[in-house]
Amino acid sequence: MATKSKSDAGVFVSSEWIRKGKDFANAPRYVHCALRDALAVPSVVDTALFASPSASVLTFLATPQIPTLSPGANDGATVAVRDFFSEDPPCLPTFRALRELPVPPIELINELFRAVGLDGRPDTTELAIFLSQEWLSSDHINMVCEILRTDIEANKDLCSKHVIWDTYWTQLLQQKYAHAMEKACSDGVPMPPPCDVLPPWMLAFGERLANGELHSIGIIFNLNGAHWVSVVVDFEEGQILYADSMAQSMSSEVHHLLDWWLTPYAKERLTVTSLPCTQQAVGDTFSCGICAPNAIAHRYFPERHPLIAPDAVDGARMDLLHRIWDYLQHLPIEPSIPLPDVTDYDILGNQQTVGDADPTTSVDVFGAPVNTAICPSQPAAPSKLPQKAATKKRIRVEGTAKARSAETQDSENVLGRREHDEDSAFNQWQDRLLLGKGADRLRKRPAKRQRKAKKQKPPRPTERTFAPNPDDVLSSDISSSSDSDATNTGGPAAAKTGRPRKLLLDRLTRPLPPVNGKSRYSCAGKNCTHRWQGRTMARVLSHASRCQFLSSKRRAEAHKASSHNAPSARYARAVAELGQAVAPDSSTEQPPTLATAASSVFSASQPISARSTDAASAKPKHQLTLNVVAGKITRAWLKAQLDPVVLKLVCCNGLPPSVVESVWWKELWKIANPNYSPVSRSTLEETQIPQEAEHIRQLQIELLRMQSNLTVTYDGGANKRHQSYYTVHVTTAAPDRQSYLVDVISGSGVRHQAKWLAHGVLKVVDTIGRGRFSAASSDSTGNTKACRRLLCATIPTVMNIPDPVHHTNLPVKNTSNLPFFKEVISVLRRTLKFFSKSDQAFEELAAIRDNLDIPRGLEKIGKTRFAMIVRAAVAMRRCLPALREGCSSGKIKVEETNECFLRDSASTLTFETQLNQLLSVSLPYAKTIVCLESAQCTLADVFLYWCGIASDLKTVLSQRASGIPDSVKSEVRAIFNTRWSEMFEDGPTDVHLAAVYLDPVYLKSDLFKEPVSDPPAKSDPGARIKHLRIFKRVGKYLVVLLGAEVEHGDHPLLHVPEEEKRAVKKRFFSQLMAYAQDDHPFSAPHKQGQTVLEWWEAHRESPHADILAALAIKIYSVMTNSMPDERTASIFTRLNSPVRNRMSMQAMVSQAQIQQFYHTQKPRATVSPVSAKRFYELNSTLREDTSLRKNSKHQRTEQGIQAKLPAIEPDGDDDDIDDSSGDSPAWLDESVEHCGAAAIFQIEEYINLESVVLHDLLSSDAPDRSAASDGKKEAATDKLAQELDGADTDGEVEWVFDFDM
């Protein structure tokens, strides 16, 4: 066999190429490289003769080692440097000439590069990305990593201890992990270790970290193909440092990946902490590729590479391009580059030249400080660009500053800076050449103001903390600027004669210049644009009582005056006055009159406290009749009685006020009682309804001021006129849980920010009293979530409770967006759309349903209700027999999806199977939402229902017969794990777990799972504590809650002097230990029908349980959701219907308040004792539709009798499939963030999903009760052997759970 030539292997052999007659033009690339290396100047000679390769031409000519010869002279005499430069001004081409030059196509450019031997060089089209605001891809990140790796290798202290990975390695690591996870899930086996998955060279990095040879690894990950983040694995400090320029925490996917890879090599568990990183500015969605490597560079070179300023990222990209180009040209990378302070918008606006620039400091791509002063020893080189752009060019500088030589001074005089007036056409061409399409926007935009440096965010704590951030505390002066009124100047002087002036009107309004001789007034509030042509007391008070621009004092005055004139208030005063002035004949018994009826309606509608103060004292001692008074008194008395009733008739039934102007309405009263003159529409709508609403608000506030453990909830919306608002509700403590719409914050004309919303809610809280509130709840959108955080920081005694209903709806959206369920949801939507358009098909389906005894029809996917996709799927499954009957018989032909409803067809079986699969993984969430919407739901119920979801999902996913692929099962688990962590693991509070632990029934049950470890010794004080791990976690939260009450609350038991605080903390520890060990007095059993709240109230007076009981009562008293705001939004929707789309915000709010206050409520269901309400105990249509025992109407009736607890059902409008006014929700067509894959449920770490507590919790059918007792729990035997002594007696009390076993 012939020996293979070395040249064939890509190695240059001189004997095979030199003097062999070969064509150099067609030679391979390695031959060209060999020739280039042979002709290259040796580095020693290069450094000695030419100094720095990046030096300017002027510096090169001024080097004394190189003699310069005069052109045409042979005497060897040197000449001045200035002679090498022309003194003629540069000749710039005209814009027209440049515009006429053809631009060659990219194929021709690439062909030219290959022709001259430049193939293989860096692609300039890729590097051009650095001169734009485009997102950097993995190729660009690899270039940056290579430069950073070169800097580390050049440092003797870092080169052998620290490594930088490029994106190829991180992508390979992610791919290997994902493939192993998917295979483990499909095989049903545990996740294999890294040694069985990763290649040997990658495992070597872990071994080097473990033996100390390698200290850290810098890694850049890509999240979802759209965002770059940085990770530094530091084994020397035992940390994983994470940096995200979008200020997000480490994703669970990256965390699990690092934990799986590094755990075999780490002696102790690595803690995750934050890595300082520049935060992207608002609107910046492209600089993560700059900020991520800068964070790693700052980690290794903190002084040399400070963090980039947020407004200097564009300049950093330009500098990065310069460094990459020099590296690719085999030039040394220099650490510092002089650069003027360039920002995004002044890149073309600065006319100052480099030489005139003041010494300032900028930052390169790795954050290196840059001195923009020109070094005296190296004059600036002339630029090829016009002077305007030359000022922005970055010039490399070598050496230190020295005195300028005479020769350099002469050359600068010769090259003096010339300023030219360039025509506008060339300026535009130059701008477009540099900036592309962004030139027009940047040119028109004014100079950008210098932005203040953002505060460096504190590093994220390694442990979860519940203490509020002091920076979130709102100012004590809520809004001093907005809580003052405009000065009322120019008003008319007080007249000495005539009708007296109303001073309140003068304080609430200010005069405007008259128009056409008519007086005009505007609101006295600053920035308020409301105006009147002439002013009446009713109209002014109607606006002033709710105007957010008026001061609190003026609003209170308007509120009081408006409430005083309300129809109900007038009626109460009339009853009192007539009762004192007229004494009826006691000898004759008069029949009941309308006065009695109106009084009873008003009294029955009032709260208990209001009845005792107003109505009870105002009612006459004897029955009044209309025949004891005459004349004007009779008419006034009749009007006082009927006006409130008419108002309630209109508002409580949702009638438009225009009904009082109807001819038939007036005819009715002429026949019924001609003495009564009904009010006009304007009086009812603009005067009486706002006054009645203010009167109701006053009664509500008086009641709430006598309550404790209140919950404030809020939510936003808008009416048909696109006027935005935020409703604010206050709910009383359990067991009553009565919700009141206290205020509506108008959002028109203001910028919706979290602080603005928090100030508005805080005003409502202050009206009632901060000490009376214990919780704040809302959904977790941007503003509402931040507002909740600000409120809880300002009032530390208020618990931060995210709304569980909104949160439970999120996994339904995630599940519906899985690709596996896209087909069945598409068929469902197309079928519903067909029936909403076809009246004939709708009628045929209704007739078939009646014959088959199917109670309800199809339901549309509503926009405003929760889990309506699940309800629509349940309705579709319910109607499948009717659909098959209609489509098989030919009576119904569904467009596009008819084959899915033909009897005994493959498509029918497939569709039914997919529909059942969708419902099997989404129904637990829908059932939980029905349970959580109840006003009687407790915080413990929230936790238990989510445990019930995991229990049901685990049962479904463990069944092979379900037909769900293993990959989809992994996605379903990941969806639950993600949403579970957001609510209960990484949420703002641990109050849900604490509530479960403080229920003695669950404490003694098998709900909590004990960790697999050696049991504690009997002599150990913690041996008798039930669920020690949960005990520590709950204790950590409860001690923070106790500290807030002691330091900031006004609870009579907990608010103690400074010298008693330590004793309170010690008593709390003692009581919590006794409760966890089932010692006296907590060993007392539950009484028959006693709730957990009543059980703790029974321990309130015990000195051995009072402190823990106070915290437990607070936890079990508050409202758990923000459903009052959702119900009010439904009332707003019905009032502000399309036919009443011109209704004002104030009219809508006033009528809703009156309707809520006077509307007859159904009897409230009592809370099921001890345990959470099970789903089959609720009288819900969803329970009926998912029950397996619903074969006949008789059985459905029996089940309805057994389910005595009413559930909150969706509005009837949402269920009507015949309503074709709206389309399906937009989120069905939007992409939702993928949650990844998971092999197990995260909750199983400490929750037993097979517990009897969770058994049948979300079942639609009651289980068969068979005699099976779990046996008695083993009673506690020994007393606590060790007291909690040894605490310091001096110093400030630290409210931390310092219990240590």
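At-a-glance table
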item	result
Yes/no for Val742 being assigned to a helix (DSSP H, G or I), open to solvent by less than 20 Å² (accessible area, probe 1.4 Å) and touching a residue at least 40 places away in the same chain (Cβ under 8 Å)	no
Answer from Glu694, Glu702 - the residue that is among the acidic types (Asp, Glu), under 26 Å from His1159 (Cα atoms) and out of contact with any helix residue (DSSP H, G or I) (no Cβ under 6 Å at 6 or more places or on another chain)	Glu702
Residue satisfying all of: in the range 800-851; under 32 Å from the mean Cα position of the chain (by Cα) and acidic (Asp, Glu); most open to solvent (accessible area, probe 1.4 Å) among these	Glu823
One residue from Cys195, Cys277 being buried (at least 19 other Cβ atoms within 10 Å of the Cβ), touching a residue at least 40 places away in the same chain (Cβ under 8 Å) and among the hydrophobic types (A, V, I, L, M, F, W, C)	Cys277
Unmet criterion (only one of (1) farther than 30 Å from Arg973 by Cβ; (2) open to solvent by 30 Å² or more (accessible area, probe 1.4 Å); (3) β-branched (Val, Ile, Thr)) for Ile147	(2)
Of the criteria (1) among the small types (Gly, Ala, Ser); (2) open to solvent by 10 Å² or more (accessible area, probe 1.4 Å); (3) closer than 30 Å to Leu993 by Cβ, which one Ala940 fails	(2)
Residues that are in contact (Cβ under 8 Å) with a residue 40 or more places away in the chain, open to solvent by less than 20 Å² (accessible area, probe 1.4 Å) and within 12 Å of Leu845 (Cα to Cα), drawn from the range 884-903	Gly886, Ile892, Val894
Any strands (runs of 3 or more DSSP E) falling wholly within the range 270-373 and containing at least 3 residues that are modelled with pLDDT of 80 or more and under 23 Å from Ile217 (Cβ atoms)	271-274
Top-ranked residue of the range 1097-1116 - restricted to ones that are assigned to a loop (DSSP other than H, G, I, E, B) and among the small types (Gly, Ala, Ser), ranked as nearest to Pro1000 (Cα to Cα)	Ala1105
Pair list, Cβ < 9 Å and 6+ apart or interchain, from the range 1037-1060 residues that are at negative phi to residues that are of a type in the set (S, T, N, Q) and open to solvent by 40 Å² or more (accessible area, probe 1.4 Å)	Val1040/Thr465; His1051/Ser708
Those residues of the range 904-928 which are surrounded by fewer than 22 Cβ atoms within 10 Å (Cβ to Cβ) and either within 24 Å of the chain's Cα centre (by Cα) or of a type in the set (Asp, Glu) (or both), in sequence order	Asp904, Glu912
Selection from the range 803-852 of residues that are outside any helix (DSSP H, G or I) and farther than 29 Å from Ser962 by Cβ	Asp803, Ser838
Residue tally, condition crowded, with 18+ Cβ neighbours inside 10 Å and polar (S, T, N, Q), over the range 203-216	1
Residues within the range 146-187 that are of a type outside the set (Phe, Trp, Tyr) and not in a helix (DSSP H, G or I), tallied	12
Flag if His722 is surrounded by fewer than 17 Cβ atoms within 10 Å (Cβ to Cβ) and within 18 Å of Ser780 (Cβ to Cβ)	no
Residue tally, condition at pLDDT 80 or above and surrounded by 10 or more Cβ atoms within 10 Å (Cβ to Cβ), over the range 513-528	9
Residues (open to solvent by less than 20 Å² (accessible area, probe 1.4 Å) and more than 29 Å from Gly769 (Cβ to Cβ)) located in the range 1035-1062	Gly1035
Some residue of the range 1044-1061 being within 17 Å of Ala995 (Cα to Cα) and not in a loop (DSSP other than H, G, I, E, B)	no
Pick from the range 753-777, criterion outside any helix (DSSP H, G or I) and under 21 Å from Arg546 (Cα atoms), ranking: least open to solvent (accessible area, probe 1.4 Å)	Gly769
Selection status of Val761, out of contact with any Pro (no Cβ under 9 Å at 6 or more places or on another chain) and under 28 Å from Thr808 (Cβ atoms)	yes
Number of positions in the range 942-976 that are more than 24 Å from the chain's Cα centre (by Cα) and either part of a loop (DSSP other than H, G, I, E, B) or of a type in the set (Asp, Glu) (or both)	7
Boolean, Val750 is modelled with pLDDT of 90 or more and either outside any strand (DSSP E or B) or touching a strand residue (DSSP E or B) at 6+ places or on another chain (Cβ under 7 Å) (or both)	no
The range 977-999, residues that are outside any loop (DSSP other than H, G, I, E, B) and either open to solvent by less than 10 Å² (accessible area, probe 1.4 Å) or of a type in the set (Gly, Ala, Ser) (or both)	Trp980, Ser981, Met983, Phe984, Val991, His992, Leu993, Ala994, Ala995, Val996, Tyr997
Selection within the range 683-718 - under 32 Å from the mean Cα position of the chain (by Cα), farther than 19 Å from Gly769 by Cα and crowded, with 23+ Cβ neighbours inside 10 Å	Asp715
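Per-residue answers, yes or no, for (1) open to solvent by less than 40 Å² (accessible area, probe 1.4 Å); (2) among the aromatic types (Phe, Trp, Tyr); (3) part of a helix (DSSP H, G or I):
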{"site": "Arg535", "(1), (2), (3)": "no, no, no"}
{"site": "His543", "(1), (2), (3)": "yes, no, yes"}
{"site": "Cys547", "(1), (2), (3)": "yes, no, no"}
{"site": "Arg555", "(1), (2), (3)": "yes, no, yes"}
{"site": "His559", "(1), (2), (3)": "yes, no, yes"}
{"site": "Ser563", "(1), (2), (3)": "yes, no, yes"}
{"site": "Val575", "(1), (2), (3)": "yes, no, yes"}
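Yes/no per residue for (1) open to solvent by 40 Å² or more (accessible area, probe 1.4 Å); (2) not charged (D, E, K, R):
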{"site": "Trp201", "(1), (2)": "yes, yes"}
{"site": "Gly218", "(1), (2)": "no, yes"}
{"site": "Phe221", "(1), (2)": "no, yes"}
{"site": "Asp234", "(1), (2)": "no, no"}
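The values are calculated or read from the model by the stated rules, or taken from the named source; none is laboratory data. Keep in mind that this is a model prediction, so the values were computed, not measured. Because the Cβ atoms are built from the backbone with ideal geometry, glycine has one as well, and the counts that use them run over all protein chains shown. Please note that ligands, DNA and RNA were not included when accessible areas were found on the heavy atoms of the full protein model with its side chains. Shrake-Rupley method; radii C 1.70, N 1.55, O 1.52, S 1.80 Å.
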